[in-house]
Each structure stands twice: as C-alpha cells, then as structure tokens.
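**Student:** There's a structure below that I have some questions on.
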There are 2 protein chains.
Amino acid sequence: MAAKPNAFYAQSGGVTSVINASACGVIEAAREHRDRIGKVFAGRNGIIGALEEDLIDTSRESKTAIRALMETPSGAFGSCRHKLKSLEDNRAEYERLIEVFRAHNIQYFFYNGGGDSADTCLKVSQLSESLGYPLQAIHVPKTIDNDLPLTDNCPGFGSVAKYVAISTREAALDVASMCATSTKVFILEVMGRHAGWIAAAAGLAAEQEGDAPHIILFPEIAFDQKKFLARVQRCVKRYGYCVVVASEGTQTADGTFLSDAGTRDAFGHAQLGGLAPALAGMVKDELGYKYHWAVADYLQRSARHIASKTDVEQAYAVGRAAVEYALAGKNAVMPAIVRGKGKRYSWRVGEAPLAKVANVEKMMPRNFITRDGFGITEAARDYLAPLIVGEAYPSYRAGLPRYVRLKNESVPRRLKKRFRVT
Amino acid sequence: MAAKPNAFYAQSGGVTSVINASACGVIEAAREHRDRIGKVFAGRNGIIGALEEDLIDTSRESKTAIRALMETPSGAFGSCRHKLKSLEDNRAEYERLIEVFRAHNIQYFFYNGGGDSADTCLKVSQLSESLGYPLQAIHVPKTIDNDLPLTDNCPGFGSVAKYVAISTREAALDVASMCATSTKVFILEVMGRHAGWIAAAAGLAAEQEGDAPHIILFPEIAFDQKKFLARVQRCVKRYGYCVVVASEGTQTADGTFLSDAGTRDAFGHAQLGGLAPALAGMVKDELGYKYHWAVADYLQRSARHIASKTDVEQAYAVGRAAVEYALAGKNAVMPAIVRGKGKRYSWRVGEAPLAKVANVEKMMPRNFITRDGFGITEAARDYLAPLIVGEAYPSYRAGLPRYVRLKNESVPRRLKKRFRVT
C-alpha cells in the first residue's frame, strides 16, 4: 500500500485539564503535514483502543472542534491505566498491536501519559526492531504528579498547582474571617501519591508571615503526629487559625499511608482517600479545635476553568513537537520542557531520550522543603511560581464553560480477529 | 452631640464569595451621603464586635481598597455565628448594644446575613421603641443556602451554584474519560443543610440525556438506600458511569443525617461532613464499583475566582439599597431581589418586611424536584439558570487573584466597661 502512513494517538493514565491541548497540538501539527502523515487515529480509551482495534477517526472532526480541545479538560478520546508487560511476558499484546497498526497503516505512535506510559512507549519503540515493523514511538508528557524526569515540569501540573494555590488562598480567607468563634483548623487534601509537588504548590498562596497554608504535608517527609499537632496548636495560638494542605500520599516513617482504603489500581498502587478526615479526627481528639476539611479529588485535575495559561501553552507545544520529532525520523524520545537560564522565566521544548524517562520518579528535592518539613523554601517558590502564571479562560455559554463534545466516529474494523483486554 | 449619625455594618454567619461586594455597596453608598451619614463602623467578627466595642473604622480604607472588596471573597471584617436571644432572655446584650451605639453615635444598623441574622436584625430594629434609642435596622441578605423567603434568591448562592455546576461538569468529564476501566461512580458532596438548592444547581451541568449529574440527593427527599443503589447501578449500566451530587443534609425518612459528626454549632445545628465517603462505602460494599469522592466544603463558598457576575451585581445592589432604605427612614426591612416577569431574566431590588423574613426557611418547591426525587425539573432549571450567568473574574498577579487585605484599624474605645461575649 503506497498510501501515506497514519498516526496513532492515545491518552494514558489519569487525565488532566490540559491533556486535550496536547491532543490538539498533535492533530493540528499532523494536519499541517498531510503530505507525509495520513490520518490521526485515536485509541478509544487509550491503548486499549489499539489492542481492541477500537480506533477513532479524528479526521472526521472539524478544525473548530479540534481547536476547542485547547479549552476542554479530561481525555476527549478516553484514557485507561493499562500497562503493557514486557515483550517476554506478554508477546501476544505486542503482536496484536502490530497487527492493528499494519491493518491501518499506522507508523507513528504518539503516547500521551506519565511515567508508566513512558515505559510502555519505550517498549513499543523497540518493536520496530524486535518484530520487524516500521514504527516510530514518541511520548508526549502529561501528569499532574509532575514526577517525570528530564523535563522542567509536566504538562497538567501547572494547572493543578494553580487550582490548589487559589483554592488554598480562598478557603483560608474563609477560615480567617470566622476563626474567632468558629472553625480553627481547615484541612485540604490534594493529590500526589509519592511526590509532594501538588501540595507544595499550595505554598504559593502565602505572601507574608502568617499567611496560609501554615502546614504542608509531603509524602517525602515522614508524618509525625506529635510534631504535627504541636505545629497546629502553635499556629492557632499565633494566628488564630491553621490551614493544612496535605498530600494524599502522606505517610509515616514505616511507609504506611495515613489513609489507605485498601483497594489497588491496575498498576498495583493503593487507592487512597480519606486522609483529610483522618487528620481532622486527630485535631479534634487531641486538641479539641473545631475543624473543617475538603477533599478536592477530581475537581483539581479537571478544573480547566482556572487552568494555567503557561501550562496550556506547554501542553500544546509538546503535542506539536511530538509530530515534528516523528517527521524528523526520531524514535523513543519525549519532547520535554526546558527552562531558560535567565531570571525571567522562559522555556522551550527540548528532546529527552525515553530510556532515561521511563520508570524514573522525580521527587521534590529536599532543599525545596523547609528544614522543619512543613513548608516550601524560596528555591521551591522560584521553581513553582512561573508554572501557574496566566489565565486561559474557556469560553462560556449561559454561565457554563463550553467544553467540546467530539463525534468520536469509529474507524471501520479491518481485522476479523477480536481481542479483548482483560 | 450634633455630629452626623454613624452607621454600623456587620457580617454574620457563614461567609460567601460575594458578601464583601455587599459591604462595598453599603460603604460606597454611605460615602456618597456624607451629609447624612458620618462614618461606617464595621463590627470586628460580626455582631460580637459591637457587643465588645471592637469596631473597625472603614473610613481609614482608601476608595481603591473598598472597591477591591467587589472581588475579594469571605468576610473582610470577620464574621461570627452569635445569635441574640430574645430581649427577655438576654436584656444585658441589648442594653450593651445600645450603650456602644450611643457612645459612637451609631443610628444605622446594617446586618449582612441569613435567616438567623434576619431574626437578630428584627430584634435590634425593635430596640428603638423598647429601649428608647433611635436606631434603624436594615438586613442585607446573604446566604449560600438560598433559603430566605421574599427574595428571588440570596446573594452568595448564585456563585456557589456556578462553582458546583462547573465542578460537576468538569469532574464528570474526568470520570467519563476513564470509566471503561477505572472509576465508575463519582460522588461530590456539597453544602446545604436543610434546603437542596446548592445540590440542585449541579443539575445545570447537564445539557442532554445521559449527562452528569445522574443523581442528585436533596435533604427534602428522604434517602432510600435501596432506591439509590438501584439507580447508581442503572446509570453505570446505561452510561458507563454515574455522577452523584449529594447535599450534606441528605437524611433518611426519620430525619437522621447520613453522616452526623455529632458536634453542634452555636445555633445548635449539627456539624455535618463525611457524607460522601459514607455513600461511597455503600456503593463499594453493595455494588463493588470503583469510586472516587470529593468534598468541596469551604472551597465552594469562597471560590471568588469563578463567581457569578449576576450574583456579584446583586450582592452589591442590596448593599447600596440598604443605605438608601435607611436614608428614606425605613426600619426592619430587607432589600430583596425581585425577578422580572418577562421570559428574559431581569431583576430589581424591592423591599421586604423583616418580620416576614426572620426564621422562615425557603425549601426547594416539590415541583423543582423530579418525581423520582433524583433530579431537577425544567421549572428548577428556569429558576436557577439565570443566577449563574456571567463571569466576574478578579484581577491576578503572578497567577493568583489579588484579594484585598484591609487595614481594619480599630475605632478608639469610648466605654470603660468591658463586655465579653461568651
């Protein structure tokens, strides 16, 4: 078949408020190169769509609809947490992938995800050699956890950071205005299983001594109940109230999560939640203060209404760059955000080898956390502050954001054989 | 003393993202009438500030700072939940109020609050007669609960409604994009102790059949676990996922709150929270679906970053009107929002007698709730939709809203006698 090769794009893992901006970047850049790239097929529900030959034909979407992805949160094509095992452990899945790609003349593989996806993408990039099928695999970085190495930050993070910093500032004003006679301790639980980046971003809400948040709990710092309660009490005595922002991954020295619901996701990670009420219970029982708590959960990672403009622009840029890398013949790479050296924040897209990205988790450096373990340092502020700059408001109709609903038409199947991901 | 009489302004009860817009309205209108109103003194921490002679001199704030209240959430002067008992039961408090007012030549009383505050304001309005001190008391409506009678809606509500509708739409997109292999049930707990207005507003997020929220739980409808779980299961089977928005006041037929932490506030109301995890537990145990839950708590009522423009304008208007009513010699009244009769939404400020406002709770009319008890009707949509229209973004600096910090300088005390509110 002499037709131009097609591209496959899939969203992987937990979605973000700007992952669709990356999709927009991939699709728009591909459309600008119709001479070399045929169509962009998206996996329905991520990589599962490729395995089950459930492909979405993005060429059926209008230019306007694709552009509207820039301001629509979550995964427009569906996402999943399916992680491919090694070639030795599950050769059938890789062979199926190649079968589907061959049937649809797919030679470009764009995988939009976090650390686990980088690993899958790396494995796929090696298929060209091991299974003799011409395929270029480019990883498009995305994770609110901000834990990918070799990139200044991860698209998706800046917007959660902005949401958490703003929410902390707002809720703190609420508590401050009533603390004389009402709630004295407010606890906001945020995401961040192993790395405390999101909780750290709440620290940007504080401008001067005494400002909230007064305590940040990081997964990187072993939780010590006695020290925690002493600090809460000190804050209430000094400022009249205490705002705590806690990473869901807050754990004791022996690695026990403060609140582990006991269930596990497909990657074997514990499904967390309920940390905030656990902390509130300690405060109530030991100190007797009136408390309130909030758990932002999905609200924080889908809050496109208050996304960071910087984040939206970076998400779009890595999507475009992925296509450019593919056209330049690259394989097993990831477009990364590279921070400029000047005092004023600047950034560009650079190239990172996937082999050095996959399965490496970037934790908060210790010098980003204050010595007492409850706050962020100036170094952390310098790093975090530029990532939340700028507002990129979606358009509204009747008071609500106009998020796009794609047609998501299926590509006709070409294979007789069905494959079910279990 | 021939000096012009001063005004007293206080914020009462739970704060909102637009209560300061009302404060701005009061202060700006009073400043326009310097010939008849001296200074506006604000109670530090609400009515307690009056009782303890802890007054804030708002004349020390610049025009710019007062204007900035328009875009600053929560109570800039502090609020409290202190409710005055009847004159017979606590004559000392009323006598103290008059003592403080007399000492500071205060003859206008502006009380910015909800139902309980309307009751206090009414009692204060009667002091003129019973204790022989010239005083006009005007209530400025405010409550996210939207449960005041005689007003089309309550300033503060429209912004929470907008926040909840947007958050529901955003989180639902998140769940929808991953439900094939991950979370199937998402539960968002929102405020609303006795009236389901806030939860109802989430219903605006849905545009067509199948859209979230799929289930709304109202305090007005007795919770039936069997019916609830059957509906959850039906949604998951039909749509692949189910988004539930639950009022914190959700209760069974015998009036038991689904989650009652057991503590009570100063008005004797139960302090709620933890409903969402309770519902999630039922879903997990009975249906086995993977779930996530969020509790918005203070985030929803302080989210000035996404306030409703209509709400901000109405909050400001009732503040101004209160001053105009006072200057017109009125007493024991409340400026209310009156909805125009046309199809296109319009509103004006009208006058409501406090005697008919105090201690009356406006519940959701039954015809606003679908027959099955799990959704809102077209009548409810028609009522709610205009209240969230328009965005009124605050200004930003470095990615964060620039909320004003007033100087809040104290008025020098004139009384020797101290009074402590216990």
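**Student:** Going by how many other beta carbons lie within 10 Å of each one, how would you line up B:TRP347, B:TRP197, fewest first?
**Tutor:** Lowest count first: B:TRP347, B:TRP197.
**Student:** Still on this model: Can you pull the three principal axis extents for the Cα set of the range A:61-122, in Å, largest first?
**Tutor:** Result, largest extent first: 43, 28, 16 Å.
**Student:** Straight-line reach from A:LYS227: which aspartates and glutamates have Cα under 14 Å away, leaving out those fewer than 8 places along the same chain?
**Tutor:** Straight-distance partners of A:LYS227: A:GLU286, A:ASP372.
**Student:** May I ask you to report, in nm to one decimal and beginning with the shortest, the distances from A:ARG234 to the same position in the other copies, taking label points 7 Å along Cα-to-Cβ?
**Tutor:** Counterpart label points of A:ARG234 in the remaining copies fall at 5.6 nm.
**Student:** Using θ = phi - 60° and the Karplus curve 6.51 cos²θ - 1.76 cosθ + 1.60, what whole-Hz ³J(HN,Hα) does each residue of the range A:37-46 get, with Gly and Pro shown as x?
**Tutor:** Karplus values, whole Hz, x for Gly and Pro: 10, x, 10, 9, 9, 9, x, 6, 6, x.
**Student:** Counting other Cβ atoms within 10 Å, keep those with at most 13, restrict to DSSP loop, and tell me which GluC sites (Glu not before Pro) in the range B:85-126 are left.
**Tutor:** B:GLU88
**Student:** Let me ask you something else. Mind giving me the nanometre distance, one decimal, between the label points for B:GLU209 and A:ARG238, set 7 Å out from Cα along Cα→Cβ?
**Tutor:** 6.0 nm
**Student:** Moving on to the next point. Picking from B:GLY255, A:TRP197, B:PHE374, whose Cα lies most toward the positive end of the charge dipole for the protein assembly as shown (charges on Cβ: Lys, Arg +1; Asp, Glu -1)?
**Tutor:** So the residue we want is A:TRP197.
**Student:** Over all alpha-carbon pairs of the range A:349-401, lay out the pair-distance distribution in 10 Å bins, whole %, shortest bin first.
**Tutor:** Using 10 Å bins, I get a P(r) of 17, 25, 29, 22, 7 for the range A:349-401.
**Student:** Also, I was wondering about something else. Just checking chain A: which Cys have no other cysteine's beta-carbon under 4.7 Å?
**Tutor:** A:CYS24, A:CYS80, A:CYS121, A:CYS154, A:CYS179
**Student:** Of all the stretches in chain A, which is the longest one without any exposed loop site, taking trypsin sites (Lys or Arg not before Pro) in a DSSP loop (any state but H, G, I, E, B) with at most 10 other Cβ atoms within 10 Å?
**Tutor:** Longest site-free region, per DSSP loop and neighbour criteria: A:1-340.
**Student:** Using only the Cα atoms of the range A:107-171, build the gyration tensor, take square roots of its eigenvalues as a ≥ b ≥ c, and label the shape rounded, prolate or oblate: rounded if a/c is under 1.5, else prolate if a/b is larger than b/c, else oblate.
**Tutor:** prolate
**Student:** Count charges around A:SER247 for me, please; just the other residues with Cβ under 10 Å from its Cβ, Lys/Arg as +1, Asp/Glu as -1.
**Tutor:** Charge balance in the 10 Å sphere: -2.
**Student:** Just from its helices, what would the mean residue ellipticity at 222 nm be for the protein assembly as shown, if runs of 4 or more DSSP H residues each count -39500 (n - 2.57) and the sum is divided by every residue, rounded to the nearest 500 deg cm²/dmol?
**Tutor:** -9500 deg cm²/dmol
**Student:** Suppose we keep just the DSSP beta bridges with both residues in the protein assembly as shown; what percent of those would be antiparallel, to 5?
**Tutor:** For the protein assembly as shown, the DSSP antiparallel bridge percentage is about 35.
**Student:** Cut-off is 10 Å between beta-carbons; in what order do A:VAL404, A:VAL312 appear when sorted fewest neighbours first?
**Tutor:** Ascending Cβ contact count within 10 Å gives the list A:VAL404, A:VAL312.
**Student:** For the protein assembly as shown, just list the percent of Cα-Cα distances falling in each 10 Å bin from zero outward, please.
**Tutor:** Histogramming the protein assembly as shown at 10 Å steps yields 2, 13, 22, 24, 18, 11, 5, 2, 1, 0 percent.
**Student:** Pop the C-beta distance of A:ALA328 and A:ALA92 into the FRET formula with R0 = 35 Å and round what comes out to the nearest 0.05.
**Tutor:** The formula returns an efficiency of 0.60 here.
**Student:** For the range B:299-403, take N as its residue count and report Rg(C-alpha) divided by 2.2 N^0.38 Å.
**Tutor:** Expressed relative to 2.2 N^0.38 Å, the Cα Rg reads 1.33.
**Student:** Below 8 Å between Cα atoms, with a sequence gap of 6+, how large is the relative contact order for chain B in percent?
**Tutor:** Relative contact order of chain B: 24 percent.
**Student:** How big is the Rg/Rh ratio for chain B, C-alpha atoms only, Rh by Kirkwood, two decimals?
**Tutor:** On the Cα set of chain B, Rg over Rh gives 1.01.
**Student:** While we're looking at this one, here's another question. What is the list of residues in the range A:182-218 whose amide nitrogen lies under 20 Å from a point 7 angstrom out from the Cα of A:ARG371, following Cα to Cβ?
**Tutor:** Within reach of a label on A:ARG371, which here means backbone N under 20 Å from a point 7 Å along Cα→Cβ, the range A:182-218 contributes A:209-210, A:214-218.
**Student:** Oh, and also: Here are some pairs, B:LYS4/B:LYS83; A:LYS309/B:LYS142; B:LYS162/B:LYS407; A:LYS83/A:LYS330; which of them have Cα atoms lying more than 27 Å apart in this structure?
**Tutor:** B:LYS4/B:LYS83; A:LYS309/B:LYS142; B:LYS162/B:LYS407
**Student:** A follow-up question, please. Considering the rotation that carries chain B onto chain A, locate the chain B residue whose Cβ comes closest to its axis and report the distance in whole Å.
**Tutor:** Smallest Cβ distance to the axis, with its residue: B:VAL295, 2.
**Student:** Now a separate question. Starting with the fewest neighbours, write out B:THR310, A:THR422, A:THR16 ranked by other beta-carbon atoms found within 10 Å of each beta-carbon.
**Tutor:** Taking fewest neighbouring Cβ atoms as first place, the list is A:THR422, B:THR310, A:THR16.
**Student:** Same structure again: Label position 7 Å from Cα toward Cβ: report the copy-to-copy distances for B:LEU131 in nm, one decimal, ordered from shortest.
**Tutor:** Values, ascending and in nm: 8.4.
**Student:** Relative to the other copies, what are the label-point distances for A:LYS63, with labels 7 Å from Cα along the C-beta vector, expressed in nm at one decimal and sorted shortest first?
**Tutor:** Shortest to longest, the spacings are 4.8 nm.
**Student:** Rounded, prolate or oblate for the range B:151-269? Axes are the square roots of the Cα gyration tensor eigenvalues, ordered a ≥ b ≥ c, and the cut-off for rounded is a/c under 1.5.
**Tutor:** oblate
**Student:** Using the crude model of +1 on Lys and Arg Cβ and -1 on Asp and Glu Cβ, and no other charge, please compute the dipole size for chain B relative to its Cα centre, in debye to 20.
**Tutor:** It works out to roughly 920 debye.
**Student:** Evaluate the charge dipole of the range B:28-118 about its Cα centre and quote only its size in Debye, nearest 20, assuming +1 on the Cβ of each Lys and Arg and -1 on the Cβ of each Asp and Glu.
**Tutor:** The calculated dipole for the range B:28-118 is roughly 240 debye.
**Student:** In terms of the Cα gyration tensor, with a ≥ b ≥ c the square roots of its eigenvalues, is the range B:1-138 rounded because a/c is under 1.5, prolate because a/b exceeds b/c, or oblate?
**Tutor:** Oblate, since a/c reaches 1.5 and b/c is not below a/b.
Bear in mind these aren't lab numbers, they're just calculated from the coordinates by the rules spelled out. Computed from a predicted structure; not experimentally measured. No Cβ is skipped: glycine too gets one built from the backbone with ideal geometry, and neighbour counts run over all protein chains shown.
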